[in-house]
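Report on the following structure.
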Amino acid sequence: MSAAPQQEKTFYLETFGCQMNAHDSEKVVGTLVSQGYRQVPTVEEAGLVLYNTCSIRDKAEQKVFHRLADYKKFEKQGKRFGVLGCVAQQEGQKIFEKAPYVSLVAGSASYRNLPQMLIQIEAGNRRVTGLDDRETDECFETEFTARTNPHRGYITIIEGCDKFCSYCVVPFTRGKERSRTSNSVLAEARQMADLGYTEIQLLGQNVNSYKDSAGKSSDRKTFAELLAAVGEIPGIRRVRFTTSHPRDFGKDIIDAIDSVPALCDHVHLPVQSGSTRVLDAMQRLYSREQYLERISWMKAAQREISITSDVIVGFPGETEDDFQKTLSLLDEVEYDAVFAFKYSPRPNTPSIKMDDAIPDEEKSRRLAALLEKQREIQKRRNRKHLGQTVEVMVEGKNEARGQWMGRTSQNKTLNFVAREGRSFESGSYVPVRVTTAFPNSLVGEMVEDAVPAYAVSTGEAR
Ligand code: 5AD
Ligand code: SF4
């Protein structure tokens, strides 16, 4: 007796938000594929349409509702829709009211249970939820993770955040801090090295408050020790980490970067504001001076460390004087890149109730002024690389320009040309001399006879 032909199970997944979310999507894809689903590139082709959402700012949150507004086109085709990630966790069951055609609402700590949720959806259940108990649930990794890049892999080391900055929704969407044991992180990193990965990115909302719970206390590692241990795994050539909170950022991290060459010379240390008064209102738990002390550790490092940051403009009550303090901080630090945002009031956060909202036009003016200043700083910063030879990890080729695309240990985009006929696999490491500097990228040419090294510096180093 032949079985009835099974309809193929297909899914489409779109991801919004940060690297944590991008990595969560790898867990979701891995799990769905292990359950017999095939990923397809368009909503049209999919039986199950998933959005892995972000709610850090209102604009990010609205994106998923814009996507879902299109559902009418697909209503008759029997597609199922699912909302995952931070908006799911934040809004919970309310999503079913807002968007009745959604069948699945699941937060990030529940992805381990996705197989059971899929079975329920397949059985026709139209109200399936995976809303985390954010005190205890964790989902550092699912059983199957579909890593999309064969050379660079993410590893979650800490979930959630206990800092409660007054503007931030993350403690409400990703819950309390839960650290993974160092044994398990190192085992996964070694496994990835065996599979040919050469770059590892350690992820967490606040990697600096990592607390190892490995068996014996003598085996427990601090974050800096864990970082160094990953960097010492044979085959691993680059280790990055994101994101850091200045309050917990210790000098031992810089010491680790100094002593382990595979640790990338890049630190992302969000400042948010250059005014201590505003930092206090944001409940950031550090002053401008304390932040600058951490920057001074980086500037004293043996290798030149590229420093990047996040800034919020127009926080309630931010005066022109406060804003000028942020601008002067940019001058003082000379960041290599800054991600700047207009303050966006978020549900559940203390700052939503604060007086003295800044009008949107004023926020826009401050944002534009800040970005203009930062562009000049980046032009200056990037010019310092002219003449240096640095190692890039190749990411592909821009055929139209005839340039190979690569990334430096400092996380800068460095596109390069090479002798005719030379071809590079993605993931290979190539020494490149910088010949042109733009504010957001560098251009160079391959150095044919250079000794491969982590960062060979010639020309005008700092
Ligand atoms: N409004 C604007 N920007 C925000 N960020 C976090 N919450 C908000 C908010 N409510 C920014 C911070 C953070 C980055 C990821 O997003 O700069 O570091
Ligand atoms: Fe967005 Fe924050 Fe959630 Fe990342 S953790 S997806 S930035 S809300």
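The values are calculated or read from the model by the stated rules, or taken from the named source; none is laboratory data. Bear in mind that the values here come from a model prediction, so they are computed numbers and not experimental data. All Cβ positions, glycine included, derive from the backbone under ideal geometry; neighbour counts span all protein chains shown. Ligands, DNA and RNA are stripped out before the accessible areas are found, and what is left, the full protein with its side chains, is counted by its heavy atoms. Shrake-Rupley method; radii C 1.70, N 1.55, O 1.52, S 1.80 Å.
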Filtered residues of region 386-423 (kept if surrounded by fewer than 17 Cβ atoms within 10 Å (Cβ to Cβ), under 24 Å from Thr308 (Cβ atoms) and among the β-branched types (Val, Ile, Thr))
Thr413
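Results for (1) open to solvent by less than 20 Å² (accessible area, probe 1.4 Å); (2) under 19 Å from Glu26 (Cα atoms), shown as yes or no for each residue.
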residue: Ile95; (1), (2): yes, no
residue: Lys98; (1), (2): no, no
residue: Val102; (1), (2): yes, no
residue: Val105; (1), (2): yes, yes
residue: Ile119; (1), (2): no, no
Going through region 323-349 one residue at a time, which ones are within 11 Å of ligand 1 (Cβ to nearest atom), within 26 Å of Arg294 (Cβ to Cβ) and either surrounded by fewer than 13 Cβ atoms within 10 Å (Cβ to Cβ) or not β-branched (Val, Ile, Thr) (or both)?
Phe339, Ala340, Phe341, Lys342, Tyr343
Away from ligand 1 (no atom under 16 Å from the Cβ), at negative phi and either out of contact with any Pro (no Cβ under 9 Å at 6 or more places or on another chain) or at pLDDT below 95 (or both): which single residue out of Thr242, Thr136, Thr173 fits that description?
Thr136
Residue that is nearest to Ser259 (Cα to Cα), among those in region 275-295 that are open to solvent by 60 Å² or more (accessible area, probe 1.4 Å) and of a type outside the set (Lys, Arg):
Glu293
Among the residues of region 83-93, are any farther than 16 Å from Tyr111 by Cβ, buried (at least 18 other Cβ atoms within 10 Å of the Cβ) and touching a helix residue (DSSP H, G or I) at 6+ places or on another chain (Cβ under 9 Å)?
yes
Examine region 39-50 for a residue that is in the same structural domain as Gly92 (by TED's automatic domain parsing) and within 16 Å of ligand 1 (Cβ to nearest atom), and state whether such a residue exists.
no
Against the condition closer than 15 Å to Phe81 by Cβ, within 16 Å of ligand 1 (Cβ to nearest atom) and surrounded by fewer than 23 Cβ atoms within 10 Å (Cβ to Cβ), how does Lys59 come out, does it pass?
no
Among residues of region 150-192 being part of a loop (DSSP other than H, G, I, E, B) and more than 16 Å from ligand 2 (Cβ to nearest atom), the residue surrounded by the most Cβ atoms within 10 Å (Cβ to Cβ) is Arg180
Scanning for something open to solvent by 50 Å² or more (accessible area, probe 1.4 Å), in contact with a Ser or Thr (Cβ under 7 Å, 6 or more places away or on another chain) and within 14 Å of ligand 1 (Cβ to nearest atom), does region 351-363 turn up at least one residue?
no
Options Lys27, Lys94; residue that is within 19 Å of the chain's Cα centre (by Cα), outside the structural domain of Tyr343 (by TED's automatic domain parsing) and away from ligand 1 (no atom under 16 Å from the Cβ)
Lys27
Criterion first (more than 28 Å from Arg174 (Cα to Cα) and either surrounded by 15 or more Cβ atoms within 10 Å (Cβ to Cβ) or within 16 Å of ligand 2 (Cβ to nearest atom) (or both)) does Arg366 satisfy it?
yes
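Of all the residues that make up region 24-76, how many are basic (Lys, Arg) and either in contact (Cβ under 8 Å) with a residue 60 or more places away in the chain or in a strand (DSSP E or B) (or both)?
Total meeting the criteria: 4.
Return yes or no: is Gln374 outside the structural domain of Val417 (by TED's automatic domain parsing), outside any loop (DSSP other than H, G, I, E, B) and farther than 21 Å from Ala281 by Cβ?
yes
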